[in-house]
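K.L.:
A single structure is presented below for examination.
Each value in this text was obtained by applying a stated rule to the coordinates, not by laboratory testing. What you see is a predicted model; the values in this text were computed from it and never measured. A quick note on method: Cβ atoms are made from the backbone with ideal geometry, for glycine too, and the neighbour counts reach across all protein chains shown.
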Amino acid sequence: MMTNLFSTFDPSTNIFNISLNWTSTFIGILFIPSMYWFLSSRINIMWNKMNSTLHNEFKTLLGPKSFSGTTLIFISIFILMMFNNFMGLFPYIFTSTSHLALTFSIALPMWLSFMLFGWINHTNHMFMHLVPQGTPPALMSFMVLIETISNIIRPGTLAVRMTANMIAGHLLLTLLGNTGPSMTTNLTLMLIFGQMILLTLESTVAMIQAYVFSILSTLYSSEVY
């Protein structure tokens, strides 16, 4: 019996004190279509269409001054997050994106690299971002403080946004599932129907949150040029 509601997120499966739950991060690789045929399959066509759409969108956000291949970083992040969010909806598969250990370890190094590149190579440009255009002189010191704080908390907001959305959906599904044995047959059927709708919503949230994470990362990187 589950003593703690949050124990559903515990990485408890281990061998020799090495957690095996984190290996679920690599299960999404199985969904990447392989080039085994001369003609592209439907999955391959969808995959190429998705990558092409993301590339064009990220390229527009990054601007003409971005380096070649930069969009591949954010496309890879989107795919990683989407697969991990989606795989976590299956029974007995550990949701790695519900832990700050994963989301923060992706957001923080990425943000640090943006900041180091911007302050080393475009120092004046980074100073300009601290004071928005049209700010009154009396408010400049406050704007610098506000912009600095908002810049520092960016990796935290990226990580917490993803983690909180994954935890909220899974907790709601768990709470509804635990009430099933104490219900009548009619109420149980309604509960199953409600969980099906909620699971569809969570599948959409899994893709949207991965898209939001990668888009915000792209916007943050575009500010350092």
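K.L.:
Please say if segment 182-225 is rounded, prolate or oblate, where rounded means a/c under 1.5 for a ≥ b ≥ c the square roots of the C-alpha gyration tensor eigenvalues, and otherwise the choice is prolate for a/b larger than b/c and oblate otherwise?
P.N.:
Prolate, since a/c reaches 1.5 and a/b exceeds b/c.
K.L.:
Let me ask something else about it. Distance from the Cα centre of segment 18-61 to that of segment 171-215, in angstrom?
P.N.:
One Cα centre to the other: 26 Å.
K.L.:
Enter the angle in degrees (range 0 to 90, nearest 10) between the Cα long axis of helix 42-62 and the first principal axis of the Cα atoms of the chain, meaning the one along which they spread out most.
P.N.:
30
K.L.:
In percent, what relative contact order does segment 22-173 have, based on Cα pairs under 8 Å that are 6 or more apart in sequence?
P.N.:
25
K.L.:
Another question, if that's okay. Taking a quarter of the surface of the Cα convex hull of segment 22-222, what do you get in nm²?
P.N.:
Value for segment 22-222: 16.2 nm².
K.L.:
Further question on the same structure: Under the √(5λ) rule applied to the eigenvalues of the Cα gyration tensor, what semi-axes describe the equivalent ellipsoid of segment 106-224? Give them in Å, descending. Mind dumping the intermediate values first?
P.N.:
Working: eigenvalues 403, 45, 24 Å².
Ellipsoid half-lengths, sorted descending, are 45, 15, 11 Å.
K.L.:
What is the order of PHE58, PHE31, fewest Cβ neighbours within 10 Å to most?
P.N.:
Ascending number of Cβ neighbours within 10 Å: PHE31, PHE58.
K.L.:
Please report the spacing between the Cα centers of segment 143-164 and segment 80-94 in Å, no decimals.
P.N.:
Segment 143-164 and segment 80-94 have Cα centres separated by 26 Å.
K.L.:
If you place +1 on the Cβ of every Lys and Arg and -1 on the Cβ of every Asp and Glu, how big does the dipole about the Cα centre of the chain come out, in debye to the nearest 20?
P.N.:
Value, rounded to 20: 340 debye.
K.L.:
Tell me which of VAL224, PRO33, PHE114 sits at the most positive position along the dipole axis of the chain, charges placed on C-beta atoms (Lys, Arg +1; Asp, Glu -1).
P.N.:
Towards the positive end, the residue furthest out is PRO33.
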